[in-house]
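The values are calculated or read from the model by the stated rules, or taken from the named source; none is laboratory data. Because the structure is predicted, anything quoted here is derived from the model rather than measured. Backbone-built Cβ (ideal geometry, glycine too); neighbour counts: all protein chains shown. All accessible areas refer to the heavy atoms of the entire protein, side chains included, with ligands and DNA or RNA removed. Shrake-Rupley method; radii C 1.70, N 1.55, O 1.52, S 1.80 Å.
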Amino acid sequence: MVIALVLTCSCCKTSKKNVKSGQFPLINTQWMLESIEGEEIGTDYALRPFIQFDSSYNITGSLGCNSLFGTYTVNKKDKMTIHYTGSTKRLCQQMSVERNFIKALKKDINRYEIKGDKLILFFEDKEVISFKGVDLNAVE
């Protein structure tokens, strides 16, 4: 039992170390919204906007107040299409970030890049949305 516990802990530490020292994976990383079309987002929202991609090709997240959901496809190494399905419909105090985030997700995203802890979604060569990854294993 002690050996199993030691092996489990060492696997967790290795996973954290790889994320911190290298590139975050697209799947199962919480991607916190940083900018939309080059404009940094403010801090006036109930919950910081984020998106997550899972291995079943679903996206979930927060628009800042409302929850978002949809699907995505990855065709080749860096080719991506996002299918924004919808969101909850709560009325929130600051809706501009939510409207801009939805508008950006509805664009024809066709490519993505991950550089370390940064995820950038593109339409052709234009940056549409950028995110910063959060290592969920390191959050306590």
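Tabulated results
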| item | result |
| --- | --- |
| Summed side-chain charge close to Lys76 - residues other than Lys76 whose Cβ falls under 14 Å, Lys, Arg +1, Asp, Glu -1 | +1 |
| Listed residues Glu37, Glu124, Glu113 arranged by accessible area, highest first, probe 1.4 Å | Glu124, Glu37, Glu113 |
| Charge tally in the Cβ shell below 9 Å around Gln23, where Lys, Arg are +1 and Asp, Glu are -1, Gln23 excluded | 0 |
| Projected area, mean over directions - the stretch 31-122, Cα convex hull, nm² | 5.8 nm² |
| Whichever aspartates and glutamates have a C-alpha closer than 15 Å to that of Lys106, once near sequence neighbours (fewer than 8 apart) are set aside | Glu37, Glu98, Glu124, Glu127 |
